[in-house]
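Visitor: What follows is a structure written as structure tokens; I'll ask about it next.
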């Protein structure tokens, strides 16, 4: 009877994962979807602790298990609640790494069981064949879980460091060959252990762990910070597959469904993110994005002269405009100026100016970054326009105010085939009458390239930290 | 090869589950607005925390004196819990901001 309840728990868990993920893909039901999945997870975990049994023996070590659960829950909740909105992407990467490491550790422990001897009587029954017969398939699963989990762990840690700003892009010649060699060597050793079962297996095992960790590091290290979201999504699906490996190992259906679901969904999501940037996945993974070694593209005249606009002039031109479009970017997030931005919007609207926001799919550091930022400032959802719709509106806009966005409004994406961002759809702000660009300085954005928009006749620069600039601008507008 | 085929035959349901879940995963993600890419990724991140169940099983089966298994298992459960709890809380925070203000 108890085993049947456990089966029910796992069934519920699997269904909630599917349902929850489906609900997460729709804005109206997204929040509930998250709760649904969490409830299912909780059910599956509790069921496992109290109802799981093997050969008639339930799980022990409750003290250890519960203390670990408590520690993890407390620390996890604190970390997740305290982090700033702009640091969310890093947290996703960090927690992903934790999952990967967990999967890898499971493989390590099971492998230790395999080679250090065990009491077969304890593991008889319940269809557990892998202890009684060291069959190759089981070892393949253990190794897969280990390798994928480790790669995901180290890769996610590097991604976390990069988004944190603690790690710089690091590329060296021949790195992709070296990484390929590491991978091939890794798989070769694994195959060797499975086939030959040599005496020095433990040594080779540690070699696999090391090589996998190295591979993860070198996989992510050269990739540009702006591409991190794509990489994190890919690593996310890796961890899903590693979790599924655990499911194979224990004939555990809920781990299998959750793992494969995330593996498949995560892979497709990665493809979708690439499409939004109009770059192929291989381009993201292999092409270093304007790093130190690659010659920064962009034939043709760089730079030129730019105009600056004074606060009072900017205030005037915006107050007497019919329509103002705001293009938020990473600079807005860094300055935490979203609330002031909303104030500006409200003040302008009170003066009869129509204000809308143009959101580029990869503005900021994550898809949806700007939406989250502006929603935090209570900006109405309807004012946030997707790129295609926004591009139509620019033609009838008097002023475009660009707040810390750079690459997403860089015309080189359309005109310069040698540019690293060539082909990426951009916000066509030059169609408006005036373009005001707020940046801290003339330094390039994440892509590391010049932006000809700044030197065009319709554009003027408003230098300063986004928050300060907006506050000053707001004061000027209010005094009109 | 034959070993692999035998294994698949012995675990047919798992093969079906894998194939079906792949289709389900792809179907679900089909029409996601780009604004939800990040919360969705975060939610999926939390869901793959289901790997914690494997860690719990491993910990629960560890014998009394097996210190390495106990310690590693302990760490594994902590890591898995971080993934699950942290993942769901972060996703919730991201989605909180999407509430329509009336």
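For (1) under 18 Å from the mean Cα position of the chain (by Cα); (2) crowded, with 24+ Cβ neighbours inside 10 Å, each residue gets a yes or a no:
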| site | (1), (2) |
| --- | --- |
| B:11 | no, no |
| B:20 | yes, no |
| B:39 | yes, yes |
| B:46 | yes, yes |
| B:49 | yes, yes |
| B:63 | no, no |
| B:79 | yes, yes |
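Visitor: For the range A:221-237, what are the residues that are within 21 Å of residue A:107 (Cβ to Cβ) and more than 9 Å from chain B (Cβ to nearest Cβ)?
Guide: A:234, A:235, listed by residue number.
Here's the yes/no breakdown for (1) part of a loop (DSSP other than H, G, I, E, B); (2) under 25 Å from the mean Cα position of the chain (by Cα):
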| site | (1), (2) |
| --- | --- |
| A:385 | no, yes |
| A:393 | no, no |
| A:396 | yes, no |
| A:402 | no, yes |
| A:427 | yes, yes |
| A:454 | no, no |
| A:467 | no, no |
| A:475 | no, no |
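Visitor: Now, a different point. So which residues in the range A:429-441 are over 27 Å from the mean Cα position of the chain (by Cα) and not in a helix (DSSP H, G or I)?
Guide: A:432, A:433, A:434, A:435, A:436, A:437, A:441
Visitor: How many residues does the range B:1-16 hold that are modelled with pLDDT of 80 or more and either more than 16 Å from residue A:251 (Cα to Cα) or assigned to a helix (DSSP H, G or I) (or both)?
Guide: 10
Visitor: Note down all Cβ pairs under 7 Å where the first residue falls in the range A:30-54 and is outside the structural domain of residue A:19 (by TED's automatic domain parsing), the second is crowded, with 21+ Cβ neighbours inside 10 Å, and they're at least six residues apart or on different chains.
Guide: Every condition considered, no pair remains.
Visitor: Okay, next question. Restricting attention to the range A:382-403, and to residues there that are out of contact with any helix residue (DSSP H, G or I) (no Cβ under 7 Å at 6 or more places or on another chain) and closer than 27 Å to residue B:92 by Cβ, which single residue is farthest from the other protein chains (Cβ to nearest Cβ)?
Guide: The residue in question is A:383.
Visitor: Looking only at the range A:76-90, which residues are at the interface with chain B (Cβ under 8 Å from one of its Cβ atoms) and over 25 Å from residue B:73 (Cβ atoms)?
Guide: Passing the criteria: A:81, A:83, A:85, A:88, A:89.
Visitor: For residue A:444, indicate whether it is in a loop (DSSP other than H, G, I, E, B) and within 24 Å of residue A:385 (Cα to Cα).
Guide: For residue A:444, the condition - in a loop (DSSP other than H, G, I, E, B) and within 24 Å of residue A:385 (Cα to Cα) - is not met.
Visitor: Going residue by residue through the range A:92-111, is there one that turns out to be within 21 Å of residue A:183 (Cβ to Cβ) and either touching a strand residue (DSSP E or B) at 6+ places or on another chain (Cβ under 6 Å) or at pLDDT below 80 (or both)?
Guide: No, the conditions are met nowhere in the range A:92-111.
Visitor: For the range B:57-78, does any single residue satisfy the condition of being more than 20 Å from residue A:63 (Cβ to Cβ), touching a helix residue (DSSP H, G or I) at 6+ places or on another chain (Cβ under 7 Å) and at the interface with chain A (Cβ under 7 Å from one of its Cβ atoms)?
Guide: Checked the range B:57-78: no residue is more than 20 Å from residue A:63 (Cβ to Cβ), touching a helix residue (DSSP H, G or I) at 6+ places or on another chain (Cβ under 7 Å) and at the interface with chain A (Cβ under 7 Å from one of its Cβ atoms).
Visitor: Sort out which residues of the range A:30-56 are at the interface with chain B (Cβ under 8 Å from one of its Cβ atoms) and more than 27 Å from the chain's Cα centre (by Cα), and write them in order of number.
Guide: If the condition is that a residue be at the interface with chain B (Cβ under 8 Å from one of its Cβ atoms) and more than 27 Å from the chain's Cα centre (by Cα), then A:48, A:49, A:52, A:54 are the ones that fit.
Visitor: Tell me yes or no: at least one residue of the range A:348-366 is out of contact with any strand residue (DSSP E or B) (no Cβ under 6 Å at 6 or more places or on another chain), more than 12 Å from chain B (Cβ to nearest Cβ), assigned to a loop (DSSP other than H, G, I, E, B) and within 22 Å of residue A:432 (Cα to Cα).
Guide: Yes - at least one qualifying residue is present in the range A:348-366.
Visitor: Here's a follow-up. Scan the range A:165-174 and tell me whether some residue there is in contact with a helix residue (DSSP H, G or I) (Cβ under 7 Å, 6 or more places away or on another chain) and not in a loop (DSSP other than H, G, I, E, B).
Guide: no
Visitor: If you don't mind, another one. Any idea which residue in the range A:367-379 is farthest from residue A:328 (Cα to Cα), counting only those that are facing chain B (nearest Cβ under 7 Å) and not in a helix (DSSP H, G or I)?
Guide: Across the range A:367-379, the extreme among qualifying residues is A:378.
Visitor: Wholly within the range A:281-343, which helices (runs of 4 or more DSSP H) include no fewer than the required count, namely at least 1 residues that are at pLDDT below 90, under 17 Å from residue A:462 (Cα atoms) and in contact with a helix residue (DSSP H, G or I) (Cβ under 8 Å, 6 or more places away or on another chain)?
Guide: Those helices (runs of 4 or more DSSP H) span A:311-319, A:330-335.
Visitor: Can you find even one residue in the range A:209-228 that is without any contact (Cβ under 8 Å) to a residue 24 or more places away in the chain and assigned by TED's automatic domain parsing to the domain that holds residue A:181?
Guide: yes
The values are calculated or read from the model by the stated rules, or taken from the named source; none is laboratory data. Everything numeric in this text was worked out from a predicted model, so none of it was measured. Cβ atoms come from the backbone with ideal geometry, glycine included; neighbour counts cover every protein chain shown.
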